[in-house]
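A short write-up of the structure that comes next.
The values are calculated or read from the model by the stated rules, or taken from the named source; none is laboratory data. These numbers were taken from a predicted model, which means no experiment stands behind them. We place every Cβ from the backbone using ideal geometry, glycine too, and count neighbours over all the protein chains shown. To get the accessible areas, we keep the full protein, side chains included, count just its heavy atoms, and leave off ligands, DNA and RNA. Shrake-Rupley method; radii C 1.70, N 1.55, O 1.52, S 1.80 Å.
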Amino acid sequence: MGAHHPECPARLTVIEDHLLATGILGHLVDVDAPAATREQLLRVHDPDYVDAIEASVPKRGLIHLDPDTAMNPHSHHAALRAAGAVIKATDMVMSGEVENAFCNVRPPGHHAERARAMGFCFFNNVAAGAAHALEKHGLERVAVVDFDVHHGNGTEDIFRDEPRVMMVSTFQHPFYPYSGVEGRSERMVNIPLAAYSGGGQFREAVEKHWLPALGRFKPEMIFVSAGFDAHRDDDMASLSLVESDYAWVTGRIKEIAEQHGKGRMVSTLEGGYELTALARSVAEHIRVLSGL
């Protein structure tokens, strides 16, 4: 997205390097992501929007879709593979080939609405995976869990009127994208956290709101918008989570998946911009996912 932009290639590199250094990578199945197809994208995005994103790809340099979100000649291909990763992971988990999956992808996706790119996002990766589970694999109920520091407005926009999908989230509020507190419902369990909230407030929100709602909904598969920018070292925002909070919430989500969905989980990277904290937090997330 340009020099000095926080959504940078080093985000993926530091995660992979840390997984290698800690020995976690040796316990994982490494899979290349295919590109999402037009048919798969149209489950969650308008046709004109999908066409417009493709038509916007510059031959050289950068073009901005909004003040924060830029495209270079390769961005569209990367965005297709980011969405394709979550779809491929869904197929692998549903077939029993793997127990669960983490998609180490960029660009992120949870701000992408049905017909709008924003917040570093082009296609809504987690929504594409959830819709694939419903339409291709015939599931009746799936949940999206989002602990990014920013509200997943795109995911809510896409699934607000879809009774087969529950979304539970926490996010700093008031804060970009200034959404999430209007239109909450039994299926849109969005819990705002005040600036400077830490692990205690986060865990209380999960215990008091997320877990009871998920228990009632009984999701047959859980998708995780795994943003790590609520970490105390990440100056993108002002929450104060640490690695142990991410490990804890992953464990609680995994318990719900085991109770109601045969353990089926697919997680995908969203935010997280302080590179060292990002690498450590993702490693804890994956460690719990993998039962290591």
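Observations on the structure shown:
- The conditions of being under 13 Å from the mean Cα position of the chain (by Cα), assigned to a loop (DSSP other than H, G, I, E, B) and among the acidic types (Asp, Glu) are met by Asp148.
- Where a residue in segment 106-122 is open to solvent by 20 Å² or more (accessible area, probe 1.4 Å) and its partner, wherever it lies, is of a type in the set (Phe, Trp, Tyr) and not in a strand (DSSP E or B), with Cβ under 6 Å and at least six apart: Ala115/Tyr49
- With respect to the conditions (1) in a helix (DSSP H, G or I); (2) within 17 Å of the chain's Cα centre (by Cα), Thr268 lacks only one, and its number is (1).
- Filter result for Val189 (under 20 Å from Arg114 (Cβ atoms) and in contact (Cβ under 8 Å) with a residue 24 or more places away in the chain): no
For (1) small (Gly, Ala, Ser); (2) at pLDDT 95 or above; (3) within 30 Å of Arg164 (Cβ to Cβ); (4) open to solvent by 50 Å² or more (accessible area, probe 1.4 Å), each residue gets a yes or a no:
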| position | (1), (2), (3), (4) |
| --- | --- |
| Arg11 | no, yes, no, no |
| His18 | no, yes, no, yes |
| Ile24 | no, yes, no, no |
| Val31 | no, yes, yes, yes |
| Pro47 | no, yes, yes, yes |
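- Annotation: His132 fulfils all but one of (1) open to solvent by less than 10 Å² (accessible area, probe 1.4 Å); (2) touching a Leu at 6+ places or on another chain (Cβ under 7 Å); the unmet one is (2).
- Note on segment 254-265: residues that are among the hydrophobic types (A, V, I, L, M, F, W, C), in contact with a helix residue (DSSP H, G or I) (Cβ under 8 Å, 6 or more places away or on another chain) and either open to solvent by 20 Å² or more (accessible area, probe 1.4 Å) or assigned to a helix (DSSP H, G or I) (or both) total 1.
- Evaluation of Leu62 against (1) open to solvent by less than 60 Å² (accessible area, probe 1.4 Å); (2) over 23 Å from Ala257 (Cα atoms); (3) out of contact with any Lys or Arg (no Cβ under 8 Å at 6 or more places or on another chain) (one fails), failing number: (1)
- Total residues in segment 184-195 satisfying the condition of being open to solvent by less than 60 Å² (accessible area, probe 1.4 Å) and among the charged types (D, E, K, R): the figure is 1.
- All of (1) farther than 17 Å from Val144 by Cα; (2) touching a residue at least 24 places away in the same chain (Cβ under 8 Å) hold for Glu220 with one exception: (1).
- Against the numbered list (1) farther than 22 Å from Ala10 by Cα; (2) buried (at least 18 other Cβ atoms within 10 Å of the Cβ); (3) not basic (Lys, Arg), Ala230 comes up short only at (1).
- Matching option when the condition is without any contact (Cβ under 8 Å) to a residue 12 or more places away in the chain and open to solvent by 10 Å² or more (accessible area, probe 1.4 Å), among Val181, Val98: Val181
- Residue within segment 196-206 that is open to solvent by 50 Å² or more (accessible area, probe 1.4 Å), out of contact with any Leu (no Cβ under 8 Å at 6 or more places or on another chain) and in contact (Cβ under 8 Å) with a residue 12 or more places away in the chain present: yes
- Condition met for Ser244 (touching a residue at least 40 places away in the same chain (Cβ under 8 Å), of a type in the set (Ser, Thr, Tyr), open to solvent by 10 Å² or more (accessible area, probe 1.4 Å) and not in a helix (DSSP H, G or I)): no
- Odd one out for Met1 among (1) modelled with pLDDT of 95 or more; (2) surrounded by 13 or more Cβ atoms within 10 Å (Cβ to Cβ): (1)
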